[in-house]
Amino acid sequence: MENWRDNKLVAAILLVPASAWILIFFTLPLVIVWVYSFGQRGPQGQTLLALSFSNYARALKWIHLGIMWKSTWTAFLTTLICFVMGFPVALGIAFAPARYKNMLLLLVILPFWTNLLIRTYAWIAVLRTRGFLNFGLEWVHGRLDALFSLVGLPDIMGTFKPLALLYNHSAVVIGLVYVALPFLVLPIYATLEKIDRSLMEASLDLGAGQWRTMVSVTIPLAFPGILSGLLLVFIISLGTYLTPVLLGGTDSMMIGNLIAQEFGPARDWPFGSALSFLLLYVTFIALWLRAVVSSKSKGVSY
């Protein structure tokens, strides 16, 4: 078979469509938004081109820094919960019998088959005051109340009051964990699959227990995949828009919502562009740190 490197003209022609797609639909819009970030808002909401850093200075005011901090904290909390839940899942799939792996992976990616908007609305049906979760808690409360009545304690449970589970920060975190969890499980699983199992067997044969082997052998070898998953979840959670809008309350403003507000009702595209690029700079720094750590890591390359 002919190597494509031997025919550079054909290779260049084949690369033209992909390069044009990236240039027109990715690079060019980014450049336009970057130029807008130095502009100014006109009196009618139009964008006036200029060379000013006032939008970046405005983005660093306390009120906006508070929203950024809240977004960062929410993304960190979501990433932490996803890791606690996702790492055992990835570990279980990687070490499951071969005949079950495809089915388990299918269960992980199954939510992607449904639109994110529909899945988020489903959480509203679960978490609202008269939702499925409160119905379940009410049912348990009723059974316990009946049980205590049988033993002569009829009023010990009191009246059931539905929990306020929706339109608050906790609902946003629950929704983000649900959305982002597969993005952590899949990279870690892919890395665990590449690990040489004989290294773990050697650790066990030399007297290390299961926990010591996990901490000293498995996790260091899987670190590139873990880092990729953590970064994916953090970046997705940091710039999210839909979940806070549908599940959060009035105090659940995040950086993604602020950017949407500036591009929408406020009609302040220069300030929205500056906020977008601040978010993009954070993403670039995170990806650069990931590349630096991975280059120095001795784990499995992912």
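The values are calculated or read from the model by the stated rules, or taken from the named source; none is laboratory data. Remember, it's a predicted structure, so these values are computed and weren't measured experimentally. Please note: Cβ atoms are built from the backbone with ideal geometry, for glycine as well, and neighbour counts cover all protein chains shown. Accessible surface is based on the protein model in full, side chains and every heavy atom, while ligands, DNA and RNA are left aside. Shrake-Rupley method; radii C 1.70, N 1.55, O 1.52, S 1.80 Å.
Hey, got the dipole for region 156-256? About the Cα centre, +1 on K and R Cβ, -1 on D and E Cβ, debye to the nearest 20? It would help to have the intermediate numbers written out before the result.
Working: 4 positive and 5 negative charges, 42 e Å.
Value, rounded to 20: 200 debye.
Ordered by residue, what ³J(HN,Hα) values in Hz, to whole numbers, does region 80-94 give under the Karplus form 6.51 cos²θ - 1.76 cosθ + 1.60, where θ = phi - 60° and Gly and Pro are x?
5, 5, 4, 5, 4, 7, x, 5, x, 5, 4, 5, x, 5, 5
Would the chain count as rounded, prolate or oblate if I go by the C-alpha gyration tensor, calling it rounded below 1.5 in a/c and otherwise prolate when a/b exceeds b/c, oblate otherwise?
oblate
Starting from the Cα of residue 61, draw a straight line to each of the lysines and keep only those under 25 Å, dropping any in the same chain fewer than 8 residues away.
Once the sequence-local lysines are set aside, what remains near residue 61 is 70.
Under a crude label model (7 Å from the Cα following the beta-carbon direction), how far is residue 105 from residue 216 in nanometres?
Calculated label separation equals 3.2 nm.
Of the chymotrypsin sites (Phe, Trp or Tyr not before Pro) in region 195-247, which ones lie in a loop per DSSP and count no more than 10 other C-beta atoms within 10 Å?
Passing both the DSSP loop test and the Cβ count: no residue.
Just from its helices, what would the mean residue ellipticity at 222 nm be for the chain, if runs of 4 or more DSSP H residues each count -39500 (n - 2.57) and the sum is divided by every residue, rounded to the nearest 500 deg cm²/dmol? Before the final figure, lay out each step's value.
Working: 14 runs with 204 residues, N = 302.
Computed ellipticity for the chain at 222 nm equals -22000 deg cm²/dmol.
Within the accessible area of region 87-128, what % is carbon and sulfur when the probe is 1.4 Å and the other protein chains stay in place?
Solvent-exposed carbon and sulfur of region 87-128 make up 72 percent of the total.
Keeping all protein chains in place and using 1.4 angstrom, which order do 58, 130, 41 fall into by accessible surface area, from largest down?
These residues rank, largest area first, as 130, 41, 58.
Ordering 161, 61, 70 by accessible area with a probe of 1.4 Å, largest first, what comes out?
Ranking 161, 61, 70 by accessible area, largest first, yields 161, 61, 70.
Enumerate the amide H contacts of residue 168 below 5 Å, restricted to partners 5 or more residues apart or on another chain; note that Pro and chain-start residues carry no placed amide H.
HN-HN under 5 Å from residue 168: 249.
When the dipole is taken about the Cα centre of the chain, and only Lys, Arg (+1) and Asp, Glu (-1) are charged at their Cβ, what size is it in debye, to the nearest 20?
About 300 debye.
Using +1 at the C-beta of Lys and Arg and -1 at the C-beta of Asp and Glu, which of 47, 146, 127 has the Cα lying farthest in the positive direction of the dipole of region 22-163?
Among 47, 146, 127, the one farthest towards the positive end of the dipole of region 22-163 is 47.
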